[in-house]
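The values are calculated or read from the model by the stated rules, or taken from the named source; none is laboratory data. Worth saying up front: this structure is predicted, and the values here are computed from it rather than measured. Every residue, glycine among them, receives a Cβ derived from its backbone with ideal geometry; neighbour counts consider all protein chains shown. Each accessible area value is taken on the protein alone, full model and side chains, heavy atoms only, with ligands, DNA and RNA left out. Shrake-Rupley method; radii C 1.70, N 1.55, O 1.52, S 1.80 Å.
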Amino acid sequence: MFNQTKMKSIKFIFMPIVIFALAGCSLIPVEEDDLAPPLIEPKKEEVKLLTVEKGSIVKNLHLQGNFRFSISESLYFKQHGGRIVSIDVKLGDSVSKGDVVAQLENEELAKRVQQQRLALERAKIELQRAQQEVELDLPDTQIDLDLKSIEASVEDAKINLERTTRLYEEGAVSLQKLEVVQQQVEQLELSYEKLLISTEGSKVYPVDEQYIRLLEINVETAQIEYNYLQAQLSNTKLTANIDGVVTYINTLKRGEEVIAYDPIVDISNSENLFILATLKNAEEILEAKDAEINQPVEITYDGEIYTGIVVQTPETAPESADREVTERNKTSIFVKPDEKLPEGIDIGDRVDVTITLVEKEDTIVIPSASLHTYLARNFVKVLDGESRVEVDVEIGVETKTEVEIISGLEEGQQLILN
């Protein structure tokens with residue numbers, strides 16, 4: 001009885017669950033098949049085209065520079081060791097050619113110059129007196145007369161000795177007679193030598209052409225020495241070789257030693273200016289090779305435009321023993337303004353320079369961005385009907401935005417830009 005009642009209770013509990021489960025299955029929606037995505041027609045790529053045509057292309061070199069003096073001179077002493085006495089100018093002073101700008105100690109040298117000047121004067125006086133004596137045919141001095149008399153006696157005695165020697169050999173005279181004549185010759189020669197010694201320092205030469213020449217040599221020797229000392233004295237002073245303005249002064253103090261060829265003063269001619277334009281990188285140095293002497297230049301200074309010409313490039317720079325100058329010339333272009341510049345320009349003022357390196361007319365020009373390069377190949381893309389075609393081209397002038405096409409493209413073709 002109990003088991004039957006228990007079974008009925010279990011059935012009563014599970015029946016609603018089964019009914020609910022069956023009802024739940026009927027509530028789940030039936031899964032439908034996936035729909036195919038709609039077909040979208042691909043968007044046609046827009047091609048940017050440029051019609052090839054002829055035009056002009058200009059290649060400019062844009063540089064920055066500053067004003068410099070076109071004529072400038074560094075003054076220096078050529079010998080080492082002299083002591084500075086004074087620097088006689090100040091920065092900005094105007095000087096004229098020949099003005100003394102600095103001096104070294106020279107008291108001892110000045111004394112030697114004065115002494116040599118007197119020695120030269122004495123030599124000239126002696127020469128003049130001898131020349132006058134020849135011109136007036138003055139009689140010989142007593143010393144000359146005495147010398148000539150003894151010389152004549154010596155000659156007569158030698159002739160007598162020769163005659164006596166022959167007679168002795170022939171047996172006509174005795175040996176004693178021959179010895180007497182020999183003694184006479186020796187005594188006369190000794191007298192002549194003594195007179196020469198006693199007149200040492202006096203004029204013992206006859207006033208003839210040879211004696212005049214000896215005096216001329218004395219004058220020439222004295223003149224050479226005087227000129228040398230005078231040049232040495234002049235080298236103790238620095239003088240301006242041009243008119244201009246003092247633009248540099250060494251800081252040497254009085255009594256300090258100078259170094260040979262070390263600049264003491266710089267003088268510049270303020271009436272002649274030029275522009276030193278600097279090449280800042282390898283690309284500009286390479287482009288500067290196309291610059292030529294007398295090439296036109298556009299100069300921009302203080303908002304105004306002026307003109308000028310190229311006067312020196314790295315390719316045309318002269319050789320210099322100064323390493324600093326050589327290095328500067330490798331990276332510089334010198335420009336000369338060809339018209340009057342405004343007043344008030346200071347040395348070092350910055351200026352913009354534009355040099356037209358190449359200018360071509362009536363040639364095919366395309367944007368640089370449309371040129372393609374692969375290894376050594378240059379090519380462009382053109383539209384041929386509906387197709388893109390690569391065309392090899394030969395290029396000419398190139399700028400940062402444009403390039404000249406020498407061959408490979410013709411007018412009217414459609415150049416693809418993208």
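For the cross-link pairs Lys78/Lys330; Lys59/Lys330; Lys59/Lys360; Lys48/Lys360, the ones whose C-alpha atoms lie over 18 Å apart are Lys78/Lys330; Lys59/Lys330; Lys48/Lys360.
Between the residues Phe67, Ala110, Leu120, the greatest Cα displacement towards the positive end of the dipole of segment 56-137, with unit charges on the Cβ of Lys, Arg, Asp and Glu, is found for Phe67. Modelled label positions at Tyr261 and Tyr211, each set 7 Å beyond Cα in the direction of Cβ, lie 5.3 nm from each other. Taking Cα centroids, how far is segment 279-336 from segment 376-418 in Å? Segment 279-336 and segment 376-418 have Cα centres spaced 34 Å from each other. If you take the square roots of the eigenvalues of the alpha-carbon gyration tensor of segment 310-418 and sort them as a ≥ b ≥ c, do you get rounded (a/c under 1.5), prolate (a/b over b/c) or oblate? Judged from the Cα gyration tensor, segment 310-418 comes out prolate (a/c at least 1.5, a/b above b/c). Surface listing: Lys59, Lys90 arranged by accessible area from highest to lowest gives Lys90, Lys59, probe 1.4 Å. Per-residue SASA remark: Tyr211, around 40 Å² accessible (1.4 Å probe; ligands, DNA and RNA not included). If you split all Cα-Cα distances of segment 214-288 into 10 Å bins from zero, what percentages do you get per bin, shortest first? Pair shares across the bins are 13, 23, 21, 21, 13, 6, 3, 0. Seen through its C-alpha gyration tensor, with square-root eigenvalues sorted a ≥ b ≥ c, segment 216-255 comes out oblate because a/c lies at 1.5 or above while a/b is not bigger than b/c.
For Thr313, Thr326, what's the largest-to-smallest order of accessible area, 1.4 Å probe? Please report the intermediate quantities before stating the final value.
Details: Thr313 0, Thr326 45 Å².
I get Thr326, Thr313, largest accessible area first.
Exposure check, 1.4 Å probe, all protein chains in place: Arg122 carries approximately 140 Å² of accessible surface.
Rolling a 1.4 Å probe over the protein heavy atoms leaves His80 with an accessible area of roughly 120 Å². Sequence neighbours fewer than 8 away in the same chain don't count; with that in mind, list the aspartates and glutamates whose C-alpha is under 15 Å from Lys194. Correct list for Lys194: Asp144, Asp146, Glu151, Glu186.
Under 16 Å Cα to Cα from Lys97, which aspartates and glutamates show up? Leave out anything in the same chain fewer than 8 places away. Output for Lys97: Glu73, Asp88, Asp243, Asp266, Glu271. Pairwise alpha-carbon distances in segment 54-107 exceed 17 Å for 62% of all pairs. Residues Asp362, Asp338, sorted by accessible area with the largest first, give Asp362, Asp338 [1.4 Å probe; ligands and nucleic acids excluded].
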